[in-house]
Amino acid sequence: MKSNRRNFIGAFASMSALASTNMFASLEDSSSGTLTKHELPSLPYSYNALEPYIDAKTMELHHSKHHKAYVDGLNKAEAELAKARSSQDFSLIQYWIKQSAFHGGGHALHSLFWKCMASPTQGGGGEPKGQLSEKIKEDFGSFDSFKKQFSAAAASVEGSGWAILHLRKSDHRLIILQAENQHKLSAWDTIPLLNIDVWEHAYYLTYQNKRADYIQAWWNIVNWNFVEDLFKLHSR
Ligand SMILES: [Fe+2]
């Protein structure tokens, strides 16, 4: 994100003539502090790469419309918070902070979600190997127990949300949590390693109301190499 901000700052200099029409530039130029310009990340594969488990149309809408809306919502919320600092009018602070948490959660979780998947021809599916495999056995008893608990957590999310495998830093233990919407039921001191989106927009075109069928299919495209790398990165 820092590089995005640096890029943005560089762009800001050449765009100074347009500052009055640029939300970020005008705010950067005020006494309200700096802003990050959040951007929609590219997918690490094509929209049809995860078929038949997730169809191309769902992936296109999910990434280019839904995830994009969270990025835009986060930029908007943080710009409004900057405006509040500039004007010293904090009357809408609760609303914009809630917006910031919702859209910021959506941006972060989707950014992780895309990386947690890969086509079976590119290494998706199967079971984890190496240190992560050993840690899952240590903390859940077996990979099968972990998979059943994670699937049950995903299937039982009330309304829209996520199931997330976290690494809890305080005792270096893997735990499974749900997140309702994009941000509720979160815990602290945890690093999300693997997540599944169980909002209907993630599966409805193919699976309709059969969330459990989508979850079962999703295990065929889990990118364990990525999850293993993330686990090792945060285990140092
Ligand atoms: Fe989503």
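No lab work stands behind these numbers, since they all come straight from the coordinates. Everything quoted here is computed from the prediction, not taken from an experiment. Neighbour counts run over all protein chains shown; Cβ positions are idealised from the backbone, glycine included.
State which entries of Lys68/Lys147; Lys98/Lys147; Lys98/Lys148; Lys137/Lys232; Lys129/Lys232 exceed 21 angstrom in Cα-Cα distance in the structure shown.
Pairs exceeding 21 Å: Lys68/Lys147; Lys98/Lys147; Lys98/Lys148.
What base-10 log of the normalised intensity I(q)/I(0) is obtained for the chain from the Debye formula, alpha carbons as equal point scatterers, at q = 0.09, 0.14 Å⁻¹?
-0.44, -0.96
On a C-alpha basis, how far is the centre of the stretch 152-226 from the centre of the stretch 31-57 in Å? Whole number, if you could?
18
Quick one: if you stick a label point 7 Å off each Cα along the C-beta vector at Lys76 and Gln216, how many nm between them?
The modelled label-to-label distance comes out at 3.9 nm.
Run the numbers for Leu92 and Ile191: contour at 0.36 nm per residue of separation, minus the present Cα-Cα distance, in nm.
32.6 nm
If a/c stays under 1.5 just call it rounded; otherwise compare a/b with b/c (prolate if a/b is bigger, oblate if not). Do that for the stretch 121-233, with a ≥ b ≥ c from the square roots of the Cα gyration tensor eigenvalues.
Working: a/c = 1.89, a/b = 1.28, b/c = 1.47.
In terms of gyration-tensor shape, oblate.
Only helices at least 24 Å long along their own axis, judged from Cα atoms, and with Kyte-Doolittle mean hydropathy of -0.5 or greater: name those in the chain from DSSP H.
On the way: long enough: 68-87 (28 Å, -0.64); 93-115 (33 Å, -0.20).
Qualifying helices, which must be both long enough and hydrophobic enough, are 93-115.
Could you compute the FRET efficiency for Leu205 and Lys68, with r as their C-beta to C-beta distance and R0 at 22 Å, rounded to 0.05? Before the final figure, lay out each step's value.
Working: r = 18 Å, r/R0 = 0.81.
Once the sixth-power term is evaluated, E becomes 0.75.
So if the hydrodynamic radius of the stretch 105-162 is defined as the Kirkwood radius over C-alpha pairs, what does Stokes-Einstein give as its diffusion coefficient at 4 °C and 1.567 mPa s, in µm² per second?
Numbers: Rh = 13.3 Å.
Translational diffusion coefficient: 98 µm²/s.
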